[in-house]
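Report on one structure; see the data block that follows.
The values are calculated or read from the model by the stated rules, or taken from the named source; none is laboratory data. Just so it is clear, the model here is predicted, and its values are computed rather than measured. A quick note on method: Cβ atoms are made from the backbone with ideal geometry, for glycine too, and the neighbour counts reach across all protein chains shown.
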Amino acid sequence: MQVQRFCLVCLMLLVAACSPTFNWRDVPLDGAPLRAQLPCKPERAERQVPLIASGTTLRLMSCEAGGLTFALAWATVDTTDGLPAVLDNWQQAGWASLRQAVGAPAGPPAGWTAWPAVVARAQHLRGWQGPGLDHQGRTVMARQLYFSHGAAVYQAAVYGPSLDAAALTSFVEALRLP
């Protein structure tokens, strides 16, 4: 009996040791044509936000793996007119949520630089990377993408004390538009 227990414990340790930090899986984005993958089982939420003059339902999905938070958010707006301005406003709100001083709508906060990520068939794509503070006041690094496709607008972001280049690549390369 002792040998069986010992073997069972060894097997459990072996399985735990082989568990990948990033367990990538397809995640459906309700009501959006974007295909994406996250490295963990996401939590979902939605809320009303003023992306345009009237309230818009913003859908969110996020999870944590390897000390990083991966987040996707999307909404459908009433019109495609003015989408760059919608994305600029969302970008400004993203910086503000990281407690970054935002200046002119066209300029990033201090310490932020362009992130040249690519999402095939995305329109109005802009990517940014830089430092910020999380909701507990801890320093984080962030990479955020904002883009549109038709009347849908998206944000894909990763936050953490430091960012894993391979995980960022996997996250962005899995973003697929029809």
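A few notes on this one:
- Some residue of segment 129-146 being outside any strand (DSSP E or B), modelled with pLDDT of 95 or more and loosely packed, with under 14 Cβ neighbours inside 10 Å: no
- Of everything listed in (1) closer than 18 Å to L38 by Cα; (2) over 12 Å from the mean Cα position of the chain (by Cα), the single unmet condition for F171 is (2).
- When C18 is tested against (1) within 19 Å of Y146 (Cβ to Cβ); (2) modelled with pLDDT under 90; (3) not charged (D, E, K, R), exactly one condition is not met: (1).
- Residues of segment 167-178 that are closer than 20 Å to G130 by Cβ and either in contact with a helix residue (DSSP H, G or I) (Cβ under 7 Å, 6 or more places away or on another chain) or hydrophobic (A, V, I, L, M, F, W, C) (or both): A167, L168, F171, V172.
- The set of residues from segment 74-87 being touching a residue at least 60 places away in the same chain (Cβ under 8 Å) and surrounded by fewer than 17 Cβ atoms within 10 Å (Cβ to Cβ) comprises T76, D78, T79, T80.
- Within segment 88-103, the presence of at least one residue that is free of Cβ contacts under 8 Å to residues at least 24 places away in the same chain, touching a helix residue (DSSP H, G or I) at 6+ places or on another chain (Cβ under 9 Å), farther than 23 Å from R47 by Cβ and not β-branched (V, I, T) is confirmed.
- Against the criterion of being under 14 Å from F70 (Cβ atoms), touching a strand residue (DSSP E or B) at 6+ places or on another chain (Cβ under 9 Å) and surrounded by fewer than 20 Cβ atoms within 10 Å (Cβ to Cβ), L168 qualifies.
- Out of T56, T76, sole residue that is within 15 Å of Y146 (Cα to Cα) and over 16 Å from the mean Cα position of the chain (by Cα): T76
- Hits in segment 89-104 (condition: of a type outside the set (A, V, I, L, M) and either at pLDDT 90 or above or part of a helix (DSSP H, G or I) (or both)): N89, W90, Q91, Q92, G94, W95, S97, R99, Q100
- Subset of segment 74-88 [charged (D, E, K, R), assigned to a loop (DSSP other than H, G, I, E, B) and over 12 Å from T56 (Cβ atoms)]: D81
- Selection count where residues are buried (at least 17 other Cβ atoms within 10 Å of the Cβ), at pLDDT below 90 and assigned to a strand (DSSP E or B), scope segment 43-62: 1
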